[in-house]
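Below is one structure, written out as structure tokens; the observations come after it.
The values are calculated or read from the model by the stated rules, or taken from the named source; none is laboratory data. Keep in mind the model is a prediction, meaning the values are calculated, not measured. Methodologically, a virtual Cβ is constructed for each residue, glycine included, from the backbone with ideal geometry; neighbour enumeration extends over all protein chains shown.
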Amino acid sequence: MTGRREALVGAARLVLAAACAIALVFRFQWGLGWVEPSNFFAYLTIQSNIAFVVVTAISGVIGLRGRQTSPRMDAVRAGVLTCTLTAGIVFGAILQQSLARGVTVYLPGSDVVLHFVLPLIALADWAATPRTRPPARVLVFVLGYVFTWGAITLIRGSITGWYPYYFLDPTQTNGPGELLLLSGIAVAVFVAVGMLVLFFPRRLPGWVTRRRAPDSGGPPPEDRRRSVRPTREPARRPPVRGAPGGRLLVAG
């Protein structure tokens, strides 16, 4: 029964990965009219969703084989899920601020899928299926990626004059102070979401965290190693018989 459930989860993950890939293609085609193709891959949302497609597809194949994901794969999934969830939250905040400033925002259906629908489904998958708890250093790797992405984005923007998000653009912020403030808020959201993902409960009713080998009914390995073989009694020698001439003869 457990293997069948894992196969169903694996199939659902493959469908989720395919839906994300299709949404990425539609988003790329929609942006060709006003965004340079090279800028498309500069968005943190796009990068995190590409990673999401790869990781979800791999975990889906593992599930189809009736297996659970390894602790290392669970750690990778946690990092990618943190990025996709945070990208959706930050995008929602940017959308709200843009509308408050009277900026016209075009929101295609693919953006809704990538920023809101798929991250929520991925979070439900993370909450409802068995897994190991990832180590805290996953958050360190996530923050390392975020800071590296931010540094490259600022350097590239100073050369090309294009920034993927308004709060990174010096021409759209009130000096370096606002840029640092808004960037710090985004980093704080990454930390909060990462903590939520890392310390989310690992088990729900009806699931097991990891399968255990069936008990064969024998003693534990330690008892087997410590068992002492019964000592064999030494063979008794036959009685010594006297022989003529004072010699001793041993039968056998």
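Odds and ends about this structure:
Matching residues to (1) surrounded by 11 or more Cβ atoms within 10 Å (Cβ to Cβ); (2) at pLDDT 90 or above; (3) farther than 25 Å from Leu123 by Cβ; (4) of a type outside the set (Gly, Ala, Ser):
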position: Thr173; (1), (2), (3), (4): yes, no, yes, yes
position: Gly184; (1), (2), (3), (4): no, yes, no, no
position: Gly206; (1), (2), (3), (4): no, no, no, no
position: Gly217; (1), (2), (3), (4): no, no, yes, no
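- Of the helices (runs of 4 or more DSSP H) lying entirely inside segment 67-183, those carrying at least 1 residues that are within 15 Å of the chain's Cα centre (by Cα) and of a type outside the set (A, V, I, L, M, F, W, C) are 71-100, 118-128, 137-160.
- Qualifying position, being modelled with pLDDT under 50 and either under 22 Å from Gly79 (Cα atoms) or out of contact with any Ser or Thr (no Cβ under 6 Å at 6 or more places or on another chain) (or both), among Arg212, Arg232, Arg237: Arg212
- Those residues of segment 65-81 which are over 14 Å from Ile46 (Cα atoms), buried (at least 16 other Cβ atoms within 10 Å of the Cβ) and free of Cβ contacts under 8 Å to residues at least 60 places away in the same chain, in sequence order: Met73, Val76, Arg77
- Options Ile46, Ile22, Ile50: the member that is part of a helix (DSSP H, G or I) and without any contact (Cβ under 8 Å) to a residue 12 or more places away in the chain: Ile22
- Close Cβ contacts (under 8 Å, 6 or more residues apart or on different chains) running from residues in segment 176-196 that are over 21 Å from Val138 (Cα atoms) to residues that are among the aliphatic types (A, V, I, L, M) and crowded, with 16+ Cβ neighbours inside 10 Å comprise Leu179/Leu168.
- Count of segment 82-118 residues which are hydroxyl-bearing (Ser, Thr, Tyr), at pLDDT 90 or above and surrounded by fewer than 21 Cβ atoms within 10 Å (Cβ to Cβ): 1
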